[in-house]
Amino acid sequence: MSLEQIVNWIYLQLKILFNILIFLGPAIPMTLKITILAFILASILGIFVGLARISHKRIFSFLSKVYVDVLRGVPLLVLIFFIYFGMGKVLNLDRFVAGILAVGICYSAYMAEIIRAGIQAIHKGQYEAALSLGMTRGQTMKHVILPQSLRIVIPPMANEFIASLKDSSLVSIIGLRELTRAGREYYSTYFVDFHTWLLVGLIYLVMTLSLSRLVSWLEKKFKVHGYGI
Amino acid sequence: MIIQAKDLVKKFDNTLALDNVSCEVAAGEVVVIMGTSGSGKSTLLRCLNGLEKMDSGEIIIDSIKLDHHKKSIHKVREEIGMVFQQFNLFPHLSVLKNITLAQTVVRGRNISEAEKVAHDLLAKVGLLDKKEAYPAQLSGGQQQRVAIARALAMNPKIMLFDEPTSALDPEMIGEVLEVMKKLAKEGMTMVVVTHEIGFAREVADRIIFMDQGKIIEQGPAKKILTQPENPRTKEFLSRVL
């Protein structure tokens, strides 16, 4: 191959990639929207379920354990089908809502476990000190336990966020036009498979790596004195 | 009697940690509880402010009966300060915040009022210069002195000490005992679980000796330390003296 041929080849490759990028670009906000909304839902549900897991009331701890066990044991893809096709018909859910519900509910189970672990990681002496000062259980949680748990749960929660960003690709199956769906559309129109999936993968990678950096920054910001981390 | 405990029984699984223990403490009295590990002395102390739930028996603190209803337990805990072996300072809060938190949350004092109390107490335990420090930046002895100040900030009528010097390096034990002696001289009612014979001899009005969940001997500190009657007390003292 002459130098000119090589240059031409590279030019052609970049052109293809650029065309695909233009096509995929508008789908990226949808991926982010699904991920962020699902994560917010998962966090809120996760806090309630996580607190219920450690509740002294048997009924709460039992129900929350069932919730976590069931959701961790069912594939997300099945959950998406169940919510969109199974319940969506009855409840009249559109695909956007169904997608967020499925990812959010699935991840809330993992989130609940992280929050439970974060609370239980705090030494029992911290409760005893707070209680011996006359604080109620609620005050102890609010002022003593949760601020310390927060620092502990940030890294694993960030992991879940990154994982849910990747798993948001699964909602492409119910026709939500996010990044993976856009990739499939491009492929089925132009039959360029290598470049399409390379680029889709790269875009996910750029997003997840940026998130990791953001998490490191958050960890520093919420540093708890005395843990030396 | 500011503390009245009657027929306390506490079981952990199959071991009897407290086997029908009764004791009383008068206001202003300093009582030291001694005994081998596992004799039930910490359990007794922890029952007094409801950190451990007794299986049966009756505890009356300053004429408030301690049943495990939320109200009475909080009322009792407001009257009782506790100092732990592991200090248990709040690691995410500065020394000053450690001392003001419960004052504002439980006692409802405003910040400036709470900080004034904290300043006075930090001066008393000799740590005013450390008020902005975090617990991890302090030595064990300093942490324990902050923990004492934190408990005192609630103006308790009774102070419980659960082996306050057992986790400390020998050179730091003195500074904590000094603070405790000062407190005893001011007339604070104190119940202290400790193996510090010197402290007991100098400060205690009475020594309670426990073994296998029972009080086997008690009396004036001098008498117990010099002429113990029970063979187990004798044996224990011969080992620690």
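The values are calculated or read from the model by the stated rules, or taken from the named source; none is laboratory data. Computed from a predicted structure; not experimentally measured. Counting neighbours? That spans all protein chains shown, and the Cβs are built from the backbone with ideal geometry, glycine included. Keep in mind that these areas ignore ligands, DNA and RNA; they rest on the heavy atoms of the full protein, side chains included. Shrake-Rupley method; radii C 1.70, N 1.55, O 1.52, S 1.80 Å.
Numbers for the structure displayed
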{"quantity": "Matching entry among B:THR36, B:THR100, B:THR15 (being out of contact with any His (no Cβ under 7 Å at 6 or more places or on another chain) and within 14 Å of chain A (Cβ to nearest Cβ))", "calculated": "B:THR100"}
{"quantity": "Per-region count, segment A:27-44, residues among the hydrophobic types (A, V, I, L, M, F, W, C) and surrounded by fewer than 19 Cβ atoms within 10 Å (Cβ to Cβ)", "calculated": "7"}
{"quantity": "Residue tally, condition open to solvent by 10 Å² or more (accessible area, probe 1.4 Å), part of a helix (DSSP H, G or I) and not aliphatic (A, V, I, L, M), over segment A:107-146", "calculated": "14"}
{"quantity": "Residue, most open to solvent (accessible area, probe 1.4 Å), within segment B:100-139, restricted to residues that are in contact (Cβ under 8 Å) with a residue 40 or more places away in the chain and not in a helix (DSSP H, G or I)", "calculated": "B:ARG107"}
{"quantity": "Number of the exception - A:PHE82 against (1) over 30 Å from B:THR43 (Cβ atoms); (2) surrounded by fewer than 19 Cβ atoms within 10 Å (Cβ to Cβ); (3) within 14 Å of chain B (Cβ to nearest Cβ)", "calculated": "(3)"}
{"quantity": "Any hit, segment B:142-149, residues being open to solvent by less than 10 Å² (accessible area, probe 1.4 Å) and outside any helix (DSSP H, G or I)", "calculated": "no"}
{"quantity": "Any hit, segment A:48-70, residues being within 14 Å of A:ASP167 (Cβ to Cβ), away from every other protein chain (no Cβ under 14 Å), open to solvent by less than 20 Å² (accessible area, probe 1.4 Å) and in contact with a helix residue (DSSP H, G or I) (Cβ under 7 Å, 6 or more places away or on another chain)", "calculated": "no"}
{"quantity": "Residue within segment B:30-37 that is assigned to a helix (DSSP H, G or I), open to solvent by less than 10 Å² (accessible area, probe 1.4 Å) and modelled with pLDDT under 95 present", "calculated": "no"}
{"quantity": "Whichever residue in segment A:156-178 is outside any helix (DSSP H, G or I) and among the charged types (D, E, K, R) and, among such residues, is least open to solvent (accessible area, probe 1.4 Å)", "calculated": "A:GLU178"}
{"quantity": "Which numbered condition B:LYS131 misses (of (1) on the phi > 0 side of the Ramachandran plot; (2) in contact with a Leu (Cβ under 7 Å, 6 or more places away or on another chain))", "calculated": "(1)"}
{"quantity": "Residue selected from segment B:68-97 under the condition without any contact (Cβ under 8 Å) to a residue 12 or more places away in the chain and touching a strand residue (DSSP E or B) at 6+ places or on another chain (Cβ under 7 Å), by the criterion farthest from the other protein chains (Cβ to nearest Cβ)", "calculated": "B:SER72"}
{"quantity": "Residues satisfying the stated conditions in segment B:48-67, i.e. assigned to a loop (DSSP other than H, G, I, E, B) and either within 13 Å of chain A (Cβ to nearest Cβ) or surrounded by fewer than 19 Cβ atoms within 10 Å (Cβ to Cβ) (or both)", "calculated": "B:ASN49, B:GLY50, B:LEU51, B:GLU52, B:LYS53, B:ASP55, B:ASP62, B:SER63, B:ASP67"}
{"quantity": "Some residue of segment B:151-164 being acidic (Asp, Glu), on the phi > 0 side of the Ramachandran plot and in contact with a helix residue (DSSP H, G or I) (Cβ under 8 Å, 6 or more places away or on another chain)", "calculated": "yes"}
{"quantity": "Conditions (1) touching a Gly at 6+ places or on another chain (Cβ under 9 Å); (2) under 27 Å from B:GLU52 (Cβ atoms): number failed by A:TYR84", "calculated": "(2)"}
{"quantity": "Qualifying residue in segment A:194-213 (condition: charged (D, E, K, R) and open to solvent by less than 30 Å² (accessible area, probe 1.4 Å))", "calculated": "no"}
{"quantity": "Exclusive hit being within 22 Å of the chain's Cα centre (by Cα) and at pLDDT below 90, set A:VAL215, A:VAL206", "calculated": "A:VAL215"}
{"quantity": "Segment A:14-26, residues that are touching a residue at least 60 places away in the same chain (Cβ under 8 Å) and either open to solvent by 20 Å² or more (accessible area, probe 1.4 Å) or not in a helix (DSSP H, G or I) (or both)", "calculated": "A:ILE16, A:LEU17, A:LEU21, A:PHE23, A:PRO26"}
{"quantity": "Only one of B:VAL240, B:VAL203, B:VAL192 that is at pLDDT 95 or above and not basic (Lys, Arg)", "calculated": "B:VAL192"}
{"quantity": "Condition broken by B:VAL191, with the remaining ones in (1) open to solvent by 30 Å² or more (accessible area, probe 1.4 Å); (2) touching a residue at least 12 places away in the same chain (Cβ under 8 Å) satisfied", "calculated": "(1)"}
{"quantity": "Total residues in segment B:80-95, condition in contact with a His (Cβ under 9 Å, 6 or more places away or on another chain) and open to solvent by less than 20 Å² (accessible area, probe 1.4 Å)", "calculated": "3"}
{"quantity": "Some residue of segment B:170-190 being within 14 Å of chain A (Cβ to nearest Cβ), within 30 Å of B:GLN4 (Cβ to Cβ) and within 13 Å of the chain's Cα centre (by Cα)", "calculated": "no"}
{"quantity": "Of the criteria (1) part of a strand (DSSP E or B); (2) surrounded by 16 or more Cβ atoms within 10 Å (Cβ to Cβ); (3) of a type outside the set (Gly, Ala, Ser), which one B:LEU45 fails", "calculated": "(1)"}
{"quantity": "Enumeration of residues in segment B:35-60 that are farther than 19 Å from A:GLU128 by Cα and out of contact with any strand residue (DSSP E or B) (no Cβ under 6 Å at 6 or more places or on another chain)", "calculated": "B:THR36, B:SER37, B:GLY38"}
